[in-house]
Structure formats: structure tokens, C-alpha cells
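The values are calculated or read from the model by the stated rules, or taken from the named source; none is laboratory data. These numbers were taken from a predicted model, which means no experiment stands behind them. Ideal geometry is used to build each Cβ from the backbone, glycine not excepted, and the neighbour counts take in all protein chains shown. Note: areas computed on protein heavy atoms with side chains; ligands, DNA, RNA excluded. Shrake-Rupley method; radii C 1.70, N 1.55, O 1.52, S 1.80 Å.
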Amino acid sequence: MSRPRLVLGALISIAVLALAGCGTGASQASWHEVGSGSGSGSTGQGGSDPVTRQVGDTTTSQAAAAMPAPSASASTSASASPSTSASASAPASAPPSDGIQRTTGTAAVALTFDDGPGPETPKLLAMLRQHGIKATFCLVGVEVQAYPQYVQEIVKDGHTLCNHTWKHDTGLGKKSADTIRADLQRTNDEIHKAVPNAPIKYFRHPGGNFTPAAVQIANELGMASLGWTVDPWDWNVKKWSGAKMTEHIVATVRNNTRPGSIVLSHDAGGDRTATMAAYKTLLPELKDKFTLVAMPV
Ligand SMILES: [Zn+2]
């Protein structure tokens, strides 16, 4: 059984969390500057709240499992870590008790792109089109407002939509139920201004900071909570940039993606030229190895 592995994974994730913060939450300095008003995400995931901590750690352990050591060449050890093995072997298991979907549930792999739409989105769409690949886009309300035409292209190309909150507030899940509901509804309404009637069946909390309340409210609004298996940290532009970042993304995704993985990357929310360069290499490779799907709606 995998309980000891899970415990070990949780301990590792807490250590990682304490050292560096993890997931998209640590990346979003620009979003905080834009106006979420919450400062906790730039240094870690709300560590003082035991409820959030519990849920966040579960999510984080998945992300941490896929994170190689801070050198782009050292991914072998990460892919052999206990919690990676545990998550890699579990794509077809029962739904998670916390309601967060972290694998596709089949052998297919899902590429997910967060924080857009943004200036790089058309490039990504063109690459996906070229390879006939469908993906999932987790959209931020204010960016939908800024680039509605890209949302229309996303839907026209047959990709799946996911609600990533109005302005990427990494602390939203800890706010009142009314605040959470209003934020998610406003985001869906903005998306529907661009693409009336397009299904929005998924919700991803910024930074992966899902709380039970956020998961439940998303569910009431018809959205499943979408986690991830593989996180190449493409948001961490302070750690890597340029060709080094591109190498890091390629190596992490290449070495950690398994049947059933949900891969997290970012097409917006900062400089994403390295992500685009990485996917130019990764898309044909992944397409050869896996069936790539948009999350089903
Ligand atoms: Zn995000």
C-alpha cells in the first residue's frame, strides 16, 4: 500500500513548501501588483491556516513530486522520488476525497495552460493547431476582458475552458463564501461575454490553493476542481530565464509526464517566451508518446 509513501510525500512537500513555496502561487508577484491585494502567495501558500494548509499540501505534494532539483539536468532523482511513483501509478483510481482532480483518469495526458489569455496565446494556439492537439485553458477574468478575441479562438479551436478566478487572487479560497461565489461567477460571466454558451466545467484555484469552500462553490457552479501532476515551474522567472528556462521546462515535462498526467504550464501572466520555445520542442514529442486530450466537458 502507498500510505507510507504518501506520508513521506507530505513531509517532503512541507519541507519544499517551507523552503521555497510551490505551485503557481509563488509566481504571481505581477498579479499581486496588478491588484489582488494578497501578499501571501509571493512567499508561499498560506501556511498559517491549518485548513488551507492541509488541502494545499495535498496539492503541493503532487506538484512537488514532479519538480526536479533546481538544476535542469538533475531530473532523474526527482522522477524516482516516492511520491512521484505513487502519483504516476494512480491515474485510474477513484475520485480523490478532497474533490481535486489531479490526473485525467485515463492513459491520456492533458496539457493545461494558465493565467491567460495573453500576448503569447495566439502563438500557442497556432502550435497546437499545427499538431492537431487539444488542450485546456485556465482563464483569468481581467485577461479575458483584455483579450476576448483570444478566448474566441480558444473555443473555436475546440479547447476546454477553465475558470482561474477574476484577478488571480491566491487567497480567494479563504474569503467568504459570497466573495468566492461572486468572483467565480463574474469570471464565468466575462468568459461568456466573449463566447456565449461555451461550457466552463473546470475551476483551478490560483497557486493551487484550493480550500474545501472553494471546491464546493465551484462544484455548485458546475465546475470540477482541476489540479495537476507535472509542474515545470515555468512561472519562476526569477530562478531561470531564456534558454535555461526553456531547457528546464522541456526536461521536467519530458521526464515526468506519464499516462494520466495533467501538465501545468503558463501561456500568460509574465514573460512566456521560454514556455513557448519549450512547447515547440515538447508538442511533437508528447504527441508521439501519448494521447493528448482536452479535459472532457
Ligand atoms: Zn495561475
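Are there trypsin sites (Lys or Arg not before Pro) in the stretch 199-280 that DSSP puts in a loop and that have at most 14 other Cβ atoms within 10 Å, and which ones?
Numbers: sites: Lys201, Arg204, Lys238, Lys239, Lys244, Arg254, Arg272, Lys280; in loops: Arg204, Lys238, Lys239, Arg272.
Answer in residue order: Lys238, Lys239.
Could you calculate the FRET efficiency of Asn255 with Asp157 from 1/(1 + (r/R0)^6), where r is the beta carbon distance between them and R0 is 22 Å, rounded to 0.05?
Numbers: r = 28 Å, r/R0 = 1.29.
After rounding to 0.05, the efficiency reads 0.20.
Applying the Karplus parametrisation 6.51 cos²θ - 1.76 cosθ + 1.60 with θ = phi - 60° to the phi angles of the stretch 185-194, what ³J(HN,Hα) value in whole Hz is obtained for each residue in order, glycine and proline being reported as x?
Values per residue, Gly and Pro as x: 5, 4, 5, 4, 4, 5, 4, 6, 5, 7 Hz.
With a 1.4 Å probe and every protein chain left in place, work out the accessible area per residue of the stretch 184-291 in Å², rounded to a whole number. Please list the in-between numbers first.
Working: 3970 Å² over 108 residues.
Per residue, the stretch 184-291 has an accessible area of 37 Å².
Cα gyration tensor of the stretch 91-215, axes a ≥ b ≥ c as square roots of the eigenvalues: rounded (a/c below 1.5), prolate (a/b > b/c) or oblate? Mind dumping the intermediate values first?
Numbers: a/c = 2.05, a/b = 1.14, b/c = 1.80.
The shape class here is oblate.
Can you compute 3J(HN,Hα) from phi for each residue in the stretch 128-145, using the Karplus curve 6.51 cos²θ - 1.76 cosθ + 1.60 with θ = phi - 60°, rounded to whole Hz and x for Gly and Pro?
4, 4, 4, 9, x, 9, 9, 9, 10, 10, 9, 9, 9, x, 5, 7, 4, 4
Which distance in nm do the two modelled labels at His131 and Ser97 give, with both placed 7 Å along the Cα-to-Cβ direction?
Label at His131, label at Ser97, 3.7 nm between them.
Around Thr281, under 11 Å between beta carbons, what's the net of Lys plus Arg minus Asp minus Glu among the other residues? All intermediate terms of the calculation are to be shown ahead of the outcome.
Working: positive: Arg254, Lys280; negative: Glu247, Glu285.
With Lys, Arg at +1 and Asp, Glu at -1, the net is 0.
In the neighborhood of Trp235, defined by Cβ-to-Cβ distances under 12 Å, what is the net charge if each Lys or Arg adds +1 and each Asp or Glu adds -1? Before the final figure, lay out each step's value.
Details: positive: Lys238, Lys239, Arg272; negative: Asp114, Asp115, Asp231, Asp234, Asp267, Asp271.
Net charge in that neighbourhood comes out at -3.
Heavy atoms only, probe 1.4 Å: what % of the accessible area of the stretch 74-293 goes to carbon and sulfur, would you let me know? Spell out each step's value before the answer.
On the way: 4370 of 8180 Å².
Carbon plus sulfur share of accessible area: 53 percent.
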